[in-house]
Amino acid sequence: MTIDEPSALPLISRGQQRSARRLLSRRDRDETGLFLAEGAQAVREALRHPELVEALVVDDPETHAELVGMADPLITWRAHPDDMAQLSDTVTPQGVIAICRQKLSHLDEIVKPKLVVVCAQVRDPGNAGTVIRCADAFGADAVVFTKGSVEVFNPKTVRASVGSIFHLPIVVGVEIADALTWLRGQGMQVFAADGGGAHLDELGDALTHPTAWIMGNEAWGLPERERSLADQVVGVPMWGQAESLNLSTAAAVCLYATASAQRREQA
């Protein structure tokens, strides 16, 4: 099939459109096991895992010719821009959406981890997606979300991950004590990223060892109970006048420092 003319792709039916639109609701995502990935980069990464893609919907086959060419033509549809807008929760829809199967991992599927981030009741979908993206960028082995954290297939979380949600194991709904017991069983040290502890740049060779980072809630950080479960509380030193770093920025700094130390040790 060619895409020389927009009509080369079949128009999405009203029924299909309604089914896709329902995936903006968590209840329907939970019931169907599906979710929406919007934007060229997220869709591109989804299409590299064709077993996870149920359908591709575009508003203009010529604009999105690369993605259309990657997809199975039997599950690729065209939608009018106004109809595409109804499938998006953004002010400016990007004109391309993949309907994907949810895929989550279990702790026991992660083998010999060297770097893991644990999100303890992280509620903001943008932060959650950015942490997934940072973990992917710095070669982490997994991201774990404890009970009470945001749903990872929320459209804002998926969008903020910019496709990284398809790249590494993600575990959800775990009690933090159970997660840390498992991580220590894998020989990992556990650091809690929070103020008032040792400075990150003072850890030295400690970062070369297998490490799990606990990142706390955006509003209240890590309660004392969670802090006490860690081997050490570690803060990111700041030499300017900013009062603090947001969650995803702190996660990026901690993951980068750990990954860099581990890579130097392996060199």
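Which residue pairs have Cβ atoms closer than 7 Å, lie 6 or more positions apart in sequence or on different chains, and pair a first residue in the range 228-255 that is in contact (Cβ under 8 Å) with a residue 60 or more places away in the chain with a second residue that is open to solvent by 60 Å² or more (accessible area, probe 1.4 Å) and part of a loop (DSSP other than H, G, I, E, B)?
Final answer for the pair search is Leu247/Glu218; Leu255/Phe138.
Could you say whether any residue in the range 190-201 is open to solvent by less than 20 Å² (accessible area, probe 1.4 Å) and part of a loop (DSSP other than H, G, I, E, B)?
no
So, in the range 208-267, how many residues would count as being outside any loop (DSSP other than H, G, I, E, B), among the hydrophobic types (A, V, I, L, M, F, W, C) and under 23 Å from the mean Cα position of the chain (by Cα)? If you could, list the steps in order and put the result at the bottom.
Step one: of the range 208-267, the residues outside any loop (DSSP other than H, G, I, E, B) are 208, 211-215, 217, 221, 224-229, 232-235, 247-266.
Add one more test, that the residue is among the hydrophobic types (A, V, I, L, M, F, W, C), and what stays is 212-215, 229, 233-234, 247, 250-255, 257, 259, 261.
Then drop every residue that is not under 23 Å from the mean Cα position of the chain (by Cα), which leaves 212-215, 247, 250-255, 257, 259.
Result for the range 208-267: 13.
For the range 235-253, does any single residue satisfy the condition of being open to solvent by 60 Å² or more (accessible area, probe 1.4 Å), among the acidic types (Asp, Glu) and modelled with pLDDT of 90 or more?
No, every residue in the range 235-253 fails to be open to solvent by 60 Å² or more (accessible area, probe 1.4 Å), among the acidic types (Asp, Glu) and modelled with pLDDT of 90 or more.
May I ask you to say which residue of Ile176, Ile132 is in contact (Cβ under 8 Å) with a residue 12 or more places away in the chain, under 12 Å from the mean Cα position of the chain (by Cα) and open to solvent by less than 20 Å² (accessible area, probe 1.4 Å)?
Numbers: Ile176 fails: under 12 Å from the mean Cα position of the chain (by Cα).
When all the criteria are applied, what remains is Ile132.
Inside the range 59-69, can you point out the residues that are surrounded by fewer than 20 Cβ atoms within 10 Å (Cβ to Cβ) and within 13 Å of Ile12 (Cα to Cα)?
Asp60, the sole residue that qualifies.
Per-residue answers, yes or no, for (1) of a type in the set (Phe, Trp, Tyr); (2) open to solvent by 50 Å² or more (accessible area, probe 1.4 Å); (3) out of contact with any Ser or Thr (no Cβ under 9 Å at 6 or more places or on another chain); (4) touching a residue at least 12 places away in the same chain (Cβ under 8 Å):
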{"residue": "Arg22", "(1), (2), (3), (4)": "no, yes, no, no"}
{"residue": "Phe35", "(1), (2), (3), (4)": "yes, no, yes, yes"}
{"residue": "Val57", "(1), (2), (3), (4)": "no, no, no, yes"}
{"residue": "Ala71", "(1), (2), (3), (4)": "no, no, yes, yes"}
{"residue": "Thr76", "(1), (2), (3), (4)": "no, no, yes, yes"}
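The values are calculated or read from the model by the stated rules, or taken from the named source; none is laboratory data. Everything numeric in this text was worked out from a predicted model, so none of it was measured. Reconstructed Cβ throughout: ideal geometry from the backbone, glycine too, with neighbour counts over all protein chains shown. All accessible areas refer to the heavy atoms of the entire protein, side chains included, with ligands and DNA or RNA removed. Shrake-Rupley method; radii C 1.70, N 1.55, O 1.52, S 1.80 Å.
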